[in-house]
Amino acid sequence: GNVYTSVTIGTQEWMTENLRTTKYSDGTAIPNVTDNDEWGDLSTGAWCHYDNDNQYDTIYGKLYNWYAVETGKLCPSGWHVPSDAEWTVLTDYLAANGHSGAEGKALKSTSGWNDYNGQSLNGTDNYGWLGLPGGQRVFDGSFDLIGLSGWWWSSSKYGTNSGWDRGLHYYFYDYVWRDTSSKESGLSVRCLRD
């Protein structure tokens, strides 16, 4: 029931907004889990707002655990959660097209980021990707880093308990950080056209 805009970067078409759905593509409801202990104990898909506050929905979308991602049904029909390799296609394209060492800055929005140590964290948003600092929900259910970091899932598993992700940060100002998070973590999702 949501409408999203998109942008083409190289050979890929990305949504320019974080996912906001409360249903899988087959119509099944995704539970909204607000309790910290319950969130940390999950082994099935769930979503939440940052700080369980729906004021963040329009700007940052929802945060999803990796169990929701691994269903393969989180994005609308015709779209999917990008794999780790597809994220690398994006960052390689940026590096090859004038943004080497500043791939993150090219994806960050031009406003909406907090300052850190007197330095602006806003980006140049060269492609209209509109990367915003929606923070994360940590595996224990607590919330962290809104205004300073944005994290996005990939669909690629890392070991038995984690998934690959990408981050835009306050402490690696210009980079896209490749990392892993526990499956219980709540991160943003950007969909990629099939």
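The values are calculated or read from the model by the stated rules, or taken from the named source; none is laboratory data. Source: prediction; values computed, not measured. No Cβ is skipped: glycine too gets one built from the backbone with ideal geometry, and neighbour counts run over all protein chains shown. Side chains included, ligands, DNA and RNA excluded: accessible areas come from the protein's heavy atoms. Shrake-Rupley method; radii C 1.70, N 1.55, O 1.52, S 1.80 Å.
For Tyr171 and Asn36, compute 0.36 nm times the residue count separating them, minus their Cα-Cα distance, and round to one decimal in nm. Before the final figure, lay out the partial values.
On the way: separation 135, 0.36 × 135 = 48.60 nm, distance 2.66 nm.
Full extension of this stretch gives 45.9 nm more.
Judged by a Cβ-Cβ distance under 4.7 Å, the unpaired cysteines of the chain are Cys48.
Nothing charged except the Cβ atoms of Lys and Arg (+1) and of Asp and Glu (-1): what's the magnitude of the dipole of segment 60-117 about its Cα centre? Round to the nearest 20 debye. Can you show the working numbers first?
Values: 4 positive and 6 negative charges, 46 e Å.
Computed charge dipole of segment 60-117: roughly 220 debye.
Between Asn52 and Ser182, the simple label model (points 7 Å from Cα in the Cβ direction) yields a spacing of 1.9 nm.
Here are some values of mean projected area of the Cα convex hull in nm²: [x] 10.1; [y] 22.5; [z] 15.1. Which one was computed from this structure? So the calculated entry is the one marked [x].
In the context of the full protein assembly, Phe139 retains an accessible surface of approximately 120 Å², using a probe radius of 1.4 Å and ignoring ligands and nucleic acids. Calculated mean residue ellipticity, 222 nm, the chain: -3500 deg cm²/dmol, from DSSP H runs (n ≥ 4) at -39500 (n - 2.57) each, averaged per residue and rounded to 500.
Taking the Cα centre of the chain as origin and charging only Cβ (+1 Lys, Arg; -1 Asp, Glu), how large is the dipole, in debye to the nearest 20? Please report the intermediate quantities before stating the final value.
Details: 13 positive and 24 negative charges, 91 e Å.
In debye, rounded to 20, the chain gives about 440.
Once the Cβ-Cβ distance between Val3 and Arg193 is put in as r, and R0 is 22 Å, what FRET efficiency do you end up with, to the nearest 0.05? The formula returns an efficiency of 0.90 here. Once the chain from Lys157 to Tyr93 is taken as fully extended at 0.36 nm per residue, the excess over their C-alpha distance is 20.7 nm.
Averaging the Cα positions of each part gives two centres, and for segment 73-101 and segment 34-50 these lie 27 Å apart.
Across the chain, C-alpha contacts under 8 Å between residues 6 or more apart give a mean separation that, scaled by the residue count, equals a relative contact order of 26 percent.
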